[in-house]
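Working notes, beginning with the structure itself.
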Amino acid sequence: MNAFEIKLLAAFTMIIDHVGAVFFPQYHIFRIIGRISFPVFCFLLVEGFYNTKNIYKYILRMVLLAGVSEPFYDKLFFGKWIVLNRSNVFITLTFGLIMMYVLARLPKGFEKAVAYAAFLAIALYIPMDYGIFGMAMIGGFYFFRQNRIFNVGYQCFINMYCMGGLQKYGAISSIITMFYNGKKGYSRLKYAFYLLYPMHIIVFLILRRLL
């Protein structure tokens, strides 16, 4: 699977998850399928970090996406335009991207381990989706990028043991990422994937008002 195909999978399962959360909360199958999306987004974030030509523009895009999406996300899922104790998944991903930026500039060993632990600790106090476990997933894809088999075990531990519940099905995504072939695939829709997140939330807001 190339990066484009994996992005399609992440987008498709995310939309299914949100369809279930907003319109069919009584049917868990939507949320089960949706558990695949976030770990795949974490994987794509790490690959994007290693392959980006400009990390500063990458971080800026993520910050803008998280900021623009937040009020619509809050309104759709919590009924208010501003909810201070919850936040959308791209805030988690942005924080994870900043974490990798810092870690990459530190020598291997003690300093890197301390910095990683500090980011995990901070995640306990910042209202972000998936919280410390989301950051741990990103950390797994970052540190074990060259050891996919070990990373599968690590991701299964986070999803199945640490988080549990419906999120245990997120372990499937780590197996899927093992089939990544390192190729970009079709790349002309790069920015469309960024726009998909806020746009589908806005569409769902409109549909819920109409239905």
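Listed values, structure above:
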| quantity | calculated |
| --- | --- |
| From phi via Karplus (6.51, -1.76, 1.60), per-residue ³J(HN,Hα) for region 195-211 in Hz, x at Gly/Pro | 6, 4, 4, x, 5, 6, 5, 4, 4, 5, 4, 5, 4, 5, 6, 7, 7 |
| Where a label projected 7 Å from the Cα of Phe23 along Cα→Cβ would reach, residues of region 192-211 with amide N under 16 Å | 199-211 |
| Sorted largest first, extent of region 36-90 alpha carbons per principal axis (Å) | 38, 26, 15 |
| Helix-derived mean residue ellipticity, 222 nm - over the chain, DSSP H n ≥ 4, -39500 (n - 2.57), to 500 | -22500 deg cm²/dmol |
| Nearest-20 debye value, region 60-130 charge dipole, Cβ charges on Lys, Arg, Asp, Glu | 120 debye |
| Phi to ³J(HN,Hα) by Karplus 6.51 cos²θ - 1.76 cosθ + 1.60 over region 129-138, Hz, x for Gly, Pro | 4, 6, x, 4, 6, x, 5, 5, 5, 4 |
| Cα-based helix-to-principal-axis angle, 3-23 vs the chain, degrees rounded to 10 | 40 degrees |
| Region 116-211: chymotrypsin sites (Phe, Trp or Tyr not before Pro) in DSSP loop, at most 15 other beta carbons within 10 Å | Tyr125, Phe179, Tyr186 |
| Extension gain (nm, one decimal) between Tyr125 and Tyr169, 0.36 nm per residue minus Cα-Cα | 13.3 nm |
| Charge dipole magnitude, Cβ of K and R +1, D and E -1 - the chain, Cα centre, debye nearest 20 | 400 debye |
| Cut-off 13 Å between beta-carbons: net charge of the residues surrounding Arg31, Lys and Arg +1, Asp and Glu -1 | +1 |
| Length-normalised contact order for the chain - Cα pairs under 8 Å, 6+ apart - percent | 29 percent |
| Positive dipole terminus of the chain, leading residue within Gly164, Gly48, Ser69 (C-beta point charges) | Gly48 |
| Rounded to whole Hz, the Karplus (6.51, -1.76, 1.60) HN-Hα couplings of region 24-41, x for glycine and proline | 9, x, 7, 10, 6, 4, 5, 6, 5, 4, x, 5, 6, 5, 4, x, 5, 4 |
| Peptides 85-92, 38-45 ordered by average Cβ neighbours within 10 Å, highest first | 38-45, 85-92 |
| Option label - Rg and Dmax of the Cα atoms in Å computed here, alternatives (1) 16.7, 55; (2) 18.8, 68; (3) 19.9, 68 | (1) |
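Each reported figure results from applying straightforward, stated rules to the coordinates on display, with no laboratory input. All figures in this text were calculated on a predicted structure; none of them were measured in a lab. Reconstructed Cβ throughout: ideal geometry from the backbone, glycine too, with neighbour counts over all protein chains shown.
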